[in-house]
Amino acid sequence: MLRYNDVHAHYGAIHALRGVTLDVQQGEIVTLIGANGAGKSTLMNTLFGKPRASAGSITFLNEDISKKQTHHISRLGLSLVPEGRRIFSRMSVLENLQMGSTFSNPAHFADDLQRVFGMFPILEQRIQQRAGTLSGGEQQMLAIGRALMSRPKVLLLDEPSLGLAPLYIRQVFSIIRELNERDGITIMLVEQNAHHALRVAHRAYVLQHGEIVLTGTGEELLASAEVRAAYLESNAHA
Ligand code: ATP
């Protein structure tokens, strides 16, 4: 469904991705783990051309998207929940959700809103509240809700558990599972919280210095001595 083929990316002289090949099949949850600065966010952002792949190709539903405009890519059914959530803090909860439906058929708006409120009742209770005054966990729910308003085929989540209290972390991962199992949404997940991410993932990749160094099922990587030593044993299992 989504395929990176020998993708490189640069920021000036920094060679952030060094020939990444990976794929995400329809219906899967695929997670990408790696240390700070490994290139995880870059990998996700290259999908939207920020930065553009300097070599290699990215295909989505058999279409090469590596040279397409960002707004074109968003219309194809890829929706990103960026690191740090990036909600529109001066806008209300409702306005944020409206922004998420910019590229959608207006006839779906009411149904999509009800679906998001069904999943996150707190957002309905706070519908007119300025988004910047929501708690961190509520802002993450809003960021996910906003991404769902476009009815994505693939939902991309960049560090959704970052900075959240343990209760919210568990909630975020159970939502990820629910979106995949109940709604059939394919998910690509970038996480530093490797323990939770590998438990929820069908397959996973380990990124190190811009290269894929290990791949396997979530279970295989959870059991791998290499992964345990580098990414699990020092992490709190929130
Ligand atoms: P983290 O888990 O800390 O978010 P990451 O794995 O997502 O890290 P990236 O943010 O993709 O890593 O960064 C990969 C490399 O590219 C790092 O060396 C980083 O300093 C560099 N980098 C990222 N964004 C930029 C930018 N806008 N300009 C210059 N260098 C950048």
| task | Would you mind finding the one in 230, 194 that is more than 23 Å from residue 80 (Cβ to Cβ), within 14 Å of the ligand (Cβ to nearest atom) and either in contact (Cβ under 8 Å) with a residue 60 or more places away in the chain or open to solvent by less than 30 Å² (accessible area, probe 1.4 Å) (or both)? | result | 230
| query | In segment 133-152, is there at least one residue being more than 16 Å from the chain's Cα centre (by Cα) and not in a helix (DSSP H, G or I)? | reply | yes
| remark: Checked pairs for segment 92-113, first among the small types (Gly, Ala, Ser), second part of a loop (DSSP other than H, G, I, E, B), C-beta under 6 Å and 6 or more apart or across chains, list as 92/128; 100/149; 100/150; 101/149; 104/150
| remark: Among helices (runs of 4 or more DSSP H) entirely inside segment 38-131, those with 2 or more residues being at pLDDT 90 or above and open to solvent by 20 Å² or more (accessible area, probe 1.4 Å) are 40-46, 93-100, 109-119, 121-125
| query | Only one of (1) open to solvent by 10 Å² or more (accessible area, probe 1.4 Å); (2) not in a helix (DSSP H, G or I) fails for residue 157. Which number is that? | reply | (1)
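The values are calculated or read from the model by the stated rules, or taken from the named source; none is laboratory data. Computed from a predicted model, the values in this text were never measured in an experiment. Reconstructed Cβ throughout: ideal geometry from the backbone, glycine too, with neighbour counts over all protein chains shown. Quick note on the areas: whole protein, heavy atoms, side chains included, nothing else; ligands and nucleic acids left out. Shrake-Rupley method; radii C 1.70, N 1.55, O 1.52, S 1.80 Å.
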